[in-house]
1. For the range B:186-204, how many residues meet the condition of being open to solvent by less than 20 Å² (accessible area, probe 1.4 Å) and away from chain A (no Cβ under 14 Å)?
2. Quickly run through the range A:77-126 and pick out the residues that are among the hydrophobic types (A, V, I, L, M, F, W, C) and closer than 20 Å to A:F436 by Cβ.
3. Taking B:A289 as the residue in question, decide whether it is facing chain A (nearest Cβ under 7 Å) and either touching an Asp or Glu at 6+ places or on another chain (Cβ under 7 Å) or surrounded by fewer than 19 Cβ atoms within 10 Å (Cβ to Cβ) (or both).
4. Can you name the residue in the range B:2-56 that is part of a loop (DSSP other than H, G, I, E, B) and either at positive phi or among the small types (G, A, S) (or both) and is also modelled with the highest pLDDT among such residues?
5. Among the residues of the range A:314-333, write down those that are open to solvent by less than 50 Å² (accessible area, probe 1.4 Å) and either among the charged types (D, E, K, R) or over 21 Å from the mean Cα position of the chain (by Cα) (or both).
6. Name the residues in the range B:212-226 that are open to solvent by 60 Å² or more (accessible area, probe 1.4 Å) and within 16 Å of B:H121 (Cβ to Cβ), would you?
7. Among the numbered conditions (1) of a type outside the set (A, V, I, L, M, F, W, C); (2) closer than 20 Å to A:A321 by Cβ; (3) open to solvent by 10 Å² or more (accessible area, probe 1.4 Å); (4) not in a loop (DSSP other than H, G, I, E, B), tell me where A:G379 comes up short.
8. Within the range A:451-465, can one find any residue that is open to solvent by less than 20 Å² (accessible area, probe 1.4 Å), facing chain B (nearest Cβ under 9 Å), modelled with pLDDT of 90 or more and more than 24 Å from the chain's Cα centre (by Cα)?
Amino acid sequence: MDRTINRRTVLKGAGALAAGAAVVSPFGAALAQDASPAASPAASPMASPGASPVAIAPDPSITGELNVAMVANPQMVALQKLQPQFQEAYPNIKLNLLVLPENEVRDRIRTDVSTQAGQFDVVTIGMFEAADYAKQGWTMDVGTPLSSDPNYDYNDIFPAFVSALSGEDGKLYAAPFYGESSMLYYRKDLFEAAGLTMPDKPTWDDVGNFAKTLHKPDETYGIALRALPGWGEFGAPLTSVINAFGGRWFDEDWKSQLASEESAAAIKFYTDLLINYGQPSATTSGFTECENLFVQGKAAMWYDATSAADLLGDPQLNPQAANTGFAYQPMEKIGSGWLWAWAFAVEKGTQHSDAALAFVKWATSKNYVQTVASQLGWGQVPSGVRASTYADPGYKEYAKGFSDLVLSIIQAQDPTKCCVDPVPYKGLQFVGVPEFVTLGDSVTKELANVIAGNEKIDDALGKIDEMANQWAQDNGYQ
Amino acid sequence: MASNVRLGQAETAQAPVIVDTRRYSTVGRWLVAPAFIYLLVVTQLPFIVALYDSTFRWNLMRPERKKNIGLQNFRDLISSLTKDSDPYAFRAALINSVIFTVSAVVISLVLGLLYAELVNHRFPGRNVVRTMLITPFLVMPVAGALGWKNLMMDPDFGVIDWVMRTLHFGHGPVWLAHLPRQSIIIMLVWRWAPFMMLILLAGMQSIDEEVREAARVDGATPLNEFIGITLPHLYRFMQLGALLGSVYIVQETDAIFVTTQGGPGTLTTNLPYLVYETAVRGSQVGRGAAMGLVVVALTIITMTFLLRIMDRMLRAQYGS
């Protein structure tokens with residue numbers, strides 16, 4: 001009899017336990033492990049006397065309580081520090097900031113927005129979500145009210161971001177906070193010692209040859225590249241290389257093109273480069289790990305997000321700063337496009353849309369950049385989205401090694417033209433549809449297995465091609 | 001009653017104790033009601049919701065495509081088990097779960113036994129050693145895994161590789177790339193061996209010192225003593241350790257999340273991690289729920305089996 005009772009209890013207990021796991025995340029807190037290409041290095045607090053911000057007259061007419069969920073990148077942490085400034089300008093808005101590590105907050109934001117649960121009023125979203133959320137009617141048009149305010153200087157925002165964050169109706173649904181593209185970092189001293197010169201606009205072939213020459217496994221690796229599985233980790237540089245080689249993820253009918261001649265050549269190039277001349281810890285290296293290797297002098301080159309430039313150019317944070325060179329993102333058939341921004345979106349269900357708009361306007365305005373510069377230093381400024389930042393003498397002085405280069409790279413990005421051949425999606429270093437997360441994750445896992453030496457590239461290419469087609473079928477694209 | 005027969009014991013007649021249950025029943029029911037309702041809300045409701053969700057093709061990002069597809073999610077999972085290509089990585093995750101759980105439990109038990117035998121003897125500094133041995137279990141799992149990844153196993157900055165180079169063995173393997181499963185098992189064992197030690201130590205300390213003394217008087221060597229007295233006595237404690245260990249280890253995801261993200265390939269994706277990838281990262285609520293339910297079914301089978309063992313073991317010790 002005891003047995004019967006036992007079994008029944010077990011049935012219930014176990015059933016409920018695992019069912020719980022099916023609905024909620026099986027482990028609670030997420031980690032600072034990064035899942036998107038937008039993680040930024042800690043910026044240095046190098047204050048320089050820039051133009052002081054225009055004082056905003058307090059506006060007590062706007063009231064309400066705002067819940068804002070943000071990714072805990074340094075730029076957002078700086079915003080948190082400046083909360084008193086916001087309260088001064090809007091004394092009657094009660095601002096609650098939730099700043100959490102990326103993986104955790106992403107999952108929460110995605111769930112809150114898609115179920116319209118109304119936990120948050122303002123959320124940070126990325127590039128590929130903006131258009132889709134707008135289409136679903138989950139977020140508000142922020143472009144119209146922002147562009148009507150002359151102080152906001154709407155046209156100062158780089159058009160690439162406006163285009164990427166707009167819905168199909170052409171309206172802006174998320175205001176960019178800071179942005180980035182990609183570039184090539186290299187060690188000038190090692191290049192000089194080996195008698196090499198980095199061209200202004202290197203090709204991937206150049207990069208491969210440099211890596212070969214400079215690869216001395218006991219001292220420095222030829223190149224550091226991400227290969228930590230994840231659509232936003234390994235997936236970002238890989239996709240930008242695929243596109244540069246003339247490949248693409250899908251053709252216009254959503255048939256997988258990963259095994260096409262161009263894509264396969266790009267994937268082989270990337271994996272071979274890492275296997276032969278890359279860091280041995282590649283499959284566990286994301287943005288942060290690669291950055292560490294480069295800063296520790298273990299890598300002769302590193303291709304990654306432009307947001308690393310702030311740290312790499314700072315002698316206090318990078319012992320190699322004086323020897324760090326900055327070069328244009330490598331090209332092959334076309335440039336390796338890359339464009340990412342964290343942007344503030346207002347949820348449709350908010351009860352305090354005026355307050356929400358006031359916050360978005362405050363945080364993404366030209367004036368805010370000046371506020372950060374004067375309070376915290378140019379190193380913590382949200383850069384990459386406004387032309388005025390790159391025209392500011394204060395920022396130019398702070399970022400003299402790279403600001404012009406970054407500016408020219410970002411201005412050259414066009415998120416609607418990723419590839420040589422036409423594609424049915426937007427986005428440069430990712431496939432701009434929300435379901436891409438699953439595909440990007442599993443494809444990069446498979447390719448990491450090649451880099452680890454556990455699988456042959458040709459087998460993997462067949463597998464990822466099948467995965468992509470299966471994914472397109474499952475999600476109703478094919 | 002059948003269980004008694006199964007246990008090979010004669011049924012013993014007992015004098016029935018007569019209690020008027022009616023007197024207590026009403027009050028009793030009210031008293032357990034809060035706990036019962038709580039249990040119902042936090043365990044059974046989600047279970048029913050998961051059952052319902054599992055019949056949908058439902059990606060949170062695409063509400064317009066939400067559609068009832070009956071048992072298609074389950075058919076997909078079964079096809080993943082049987083098809084060569086394993087499109088949903090379900091078979092790989094199942095195999096990994098078994099590999100991780102079995103090997104981590106067995107190795108932890110053996111190591112835990114050695115630890116316990118060590119600190120069961122008196123020697124100077126025993127308390128310090130005991131504390132140090134338990135420490136891995138008290139470290140936050142995520143912090144522990146980060147330490148393993150960055151401080152121990154990293155081929156550039158890790159201690160293991162540094163030791164190997166210093167001793168002129170050359171570079172060691174790139175742990176998390178070349179030996180991903182083994183690396184995860186090492187992390188799991190590091191964390192769970194102390195747990196086994198605690199259980200087995202409790203067992204060792206419950207051995208009557210007189211028995212040991214008698215053995216020594218009869219000329220038993222320490223090895224004889226360990227094999228002849230300690231081990232048989234610990235048998236039940238090892239069963240308990242194996243049961244609890246597998247319940248905990250089967251749901252380990254922290255180490256995987258922090259170090260390999262389930263890769264390379266699907267070599268370190270276990271079932272809970274796959275459910276997380278599907279339901280939370282991929283927003284595929286329907287398929288995630290279906291996976292969760294299949295995991296439930298498998299867990300129930302394993303748990304029932306293991307609980308029977310524990311049941312038998314307790315009965316054998318304390319009678320029925």
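The values are calculated or read from the model by the stated rules, or taken from the named source; none is laboratory data. Predicted model, so just to flag it, every value in this text is computed and none were measured. Cβ sites come from the backbone with ideal geometry, for glycine too, and all protein chains shown count toward neighbours. Please note that ligands, DNA and RNA were not included when accessible areas were found on the heavy atoms of the full protein model with its side chains. Shrake-Rupley method; radii C 1.70, N 1.55, O 1.52, S 1.80 Å.
1. First, pick out the residues of the range B:186-204 that are open to solvent by less than 20 Å² (accessible area, probe 1.4 Å): B:187-189, B:192-194, B:196-197, B:200-201, B:203-204.
Subset that is away from chain A (no Cβ under 14 Å): B:188-189, B:192-194, B:196-197, B:200-201, B:203-204.
Number of matching residues: 11.
2. Residues of the range A:77-126 that are among the hydrophobic types (A, V, I, L, M, F, W, C), as a first pass: A:77-79, A:82, A:86, A:89, A:93, A:95, A:97-100, A:105, A:109, A:113, A:117, A:120, A:122-123, A:125.
If the condition is that a residue be among the hydrophobic types (A, V, I, L, M, F, W, C) and closer than 20 Å to A:F436 by Cβ, then A:V105, A:I109, A:V113, A:V123, A:I125 are the ones that fit.
3. Values: facing chain A (nearest Cβ under 7 Å): yes; either touching an Asp or Glu at 6+ places or on another chain (Cβ under 7 Å) or surrounded by fewer than 19 Cβ atoms within 10 Å (Cβ to Cβ) (or both): yes.
The answer is yes for B:A289.
4. Within the range B:2-56, the subset part of a loop (DSSP other than H, G, I, E, B) is B:7-20, B:54-55.
Imposing the further condition that a residue be either at positive phi or among the small types (G, A, S) (or both) reduces the set to B:8, B:10, B:13, B:15, B:54.
Values: B:G8: 42, B:A10: 45, B:A13: 56, B:A15: 64, B:S54: 94.
It comes out as B:S54.
5. Of the range A:314-333, the ones open to solvent by less than 50 Å² (accessible area, probe 1.4 Å) are A:314, A:318, A:320-321, A:324-330.
Those that are open to solvent by less than 50 Å² (accessible area, probe 1.4 Å) and either among the charged types (D, E, K, R) or over 21 Å from the mean Cα position of the chain (by Cα) (or both): A:D314, A:N318, A:Q320, A:A321, A:T324, A:G325.
6. Our first condition is that a residue be open to solvent by 60 Å² or more (accessible area, probe 1.4 Å); within the range B:212-226, this holds for B:213, B:216-218, B:221-224.
Within the range B:212-226, B:E213, B:R216, B:T221, B:P222, B:L223, B:N224 qualify.
7. So A:G379 meets the others, but not (3).
8. So far as the range A:451-465 goes, yes, one or more of its residues are open to solvent by less than 20 Å² (accessible area, probe 1.4 Å), facing chain B (nearest Cβ under 9 Å), modelled with pLDDT of 90 or more and more than 24 Å from the chain's Cα centre (by Cα).
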